[in-house]
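This report refers to the structure that appears directly beneath it.
Bear in mind these aren't lab numbers, they're just calculated from the coordinates by the rules spelled out. Keep in mind that this is a model prediction, so the values were computed, not measured. Note that we place each Cβ from the backbone using ideal geometry, even for glycine, and neighbour counts take in every protein chain shown.
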Amino acid sequence: MTYCVGIIMREGFVMASDSRSNASHDEVNVCQKMHTIVDPGQCVYTLLTSGNLSCSQSILTLLRRDFDQGKGLASASSMYDAARIVGDQVRSVADMDQPALNKDNFRFNVHLLLAGQIRGQPHDLYLIYPQGNPLRATDDAPFLQIGESKYGRPILDRGVCYASTSLEDAARYALISLDSTMRSNVAVGPPLDLLVYARDELRITHQRRFMDKDPDLLAIQSQWEQSLRKAVQELPRIRFDQPGTRS
């Protein structure tokens, strides 16, 4: 299992992912799920992956090969075109591998988050499904998730706003969302990868990996937990009906 989240705001975007990979029920590995493809000053792409690891590795290998040859993502004129290029590569790998997977009762299951910006174009965030079709994040729904998403969603629903959330706050929301998921699901775990991109920067300058005992991560986890408990204690008292007063 895995959990990845992308958040887009007017100022830029934030991408975050865990690094836990399950090859089987009793084999748990660490595998980086955040990948960047960059031509400084021209284009920046960040991809997060969940699902079948071997298939996602094939997709990324083919995307990088084409990019290095000036094709694929290197030739995209908009982020929508880039999302379609990634989707085409997803379908290409599915065509290659799905018959063999089906033969042994495995399902082709790869989801990707793509965020980035091309010179002269706005930054954007997309979810690419296993069928290759893209879904775009919007002002009203400024975050997208893949993997084990339900535990980390409530904090995003309540806190993230496209127009007013700062990049720094969005990074905090992403880490809290990951922390909430790890607390509720042991199949999601560190190291955690975090990337913050400022609009029109066209290069990656803020990226970090948090290991399990990272002091900054531990401080965030501890203060968030204490703040939650304090906030609950400060909520209005619950009023109960007195015996005999209900109709």
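The simple Förster model, with R0 at 41 Å and r as the Cβ-Cβ distance, assigns residue 164 and residue 242 a FRET efficiency of 0.40. Whole-Hz Karplus values for the range 223-235 come out as 5, 5, 5, 5, 5, 4, 5, 5, 5, 5, 5, 8, 5 Hz, taken residue by residue from phi with 6.51 cos²θ - 1.76 cosθ + 1.60 and θ = phi - 60°; glycine and proline positions read x. In this simple spin-label model, placing a label point 7 Å from the Cα along the Cα-to-Cβ direction at both residue 77 and residue 104 gives a separation of 4.3 nm.
Please report, to two decimal places, log10 I(q)/I(0) for the range 22-136 at q = 0.17 Å⁻¹ as given by the Debye formula with identical point scatterers on the Cα atoms and no solvent. Once normalised to I(0) and log-transformed, intensities are -0.80. On a 0 to 90° scale, report how tilted helix 79-103 is relative to the longest principal axis of the chain, with both axes built from alpha carbons and the result rounded to the nearest 10. For helix 79-103, the angle is close to 80 degrees. Here the dipole of the chain is about 440 debye; that uses its Cα centre as origin and unit charges on the Cβ of Lys and Arg (positive) and Asp and Glu (negative). Placing unit charges on each Cβ (+1 for Lys and Arg, -1 for Asp and Glu) gives the chain a dipole about its Cα centre, and among 205, 114, 174 the Cα reaching farthest toward its positive end belongs to 174.
Rounded to the nearest whole Hz, the Karplus-based 3J(HN,Hα) values (6.51 cos²θ - 1.76 cosθ + 1.60, θ = phi - 60°) of the range 5-13 follow the sequence 9, x, 10, 10, 10, 4, 7, x, 8, with x at glycine and proline.
Of the peptides 30-38, 139-147, the order by per-residue mean of other Cβ atoms within 10 Å, starting with the highest, comes out as 139-147, 30-38.
Taking max minus min of the alpha-carbon positions on each principal axis, the range 67-190 gives extents of 42, 41, 25 Å, largest first. What does the C-alpha gyration tensor say about the overall shape of the chain? Classify as rounded when a/c is under 1.5, otherwise prolate if a/b is larger than b/c, or oblate. Since a/c reaches 1.5 and a/b is larger than b/c, the shape of the chain is classed as prolate. Any idea which of 62, 29, 44 is furthest toward the positive side of the dipole for the range 1-128, if Lys and Arg beta-carbons carry +1 and Asp and Glu beta-carbons -1? Farthest along the dipole direction, towards plus: 44. Taking the Cα atoms only, what angle lies between the long axis of helix 167-184 and the longest principal axis of the chain, rounded to 10 degrees? Around 80 degrees separate the two axes. Site pair residue 119 and residue 36 shows an inter-label distance of 1.8 nm when each label is modelled 7 Å from Cα along Cα→Cβ. Each of the peptides 110-116, 182-188 was scored by the mean count of other Cβ atoms within 10 Å over its residues; in descending order, highest first, they stand as 110-116, 182-188. In terms of packing, defined here as the mean over residues of other Cβ atoms within 10 angstrom, the peptides 168-175, 72-79 line up highest first as 168-175, 72-79. Each residue of the range 206-220 is assigned a 3J(HN,Hα), and the resulting list reads 10, 9, 8, 10, 9, 7, 4, 9, 4, x, 5, 5, 4, 5, 5 Hz, derived from the Karplus form 6.51 cos²θ - 1.76 cosθ + 1.60 (θ = phi - 60°), x at Gly and Pro.
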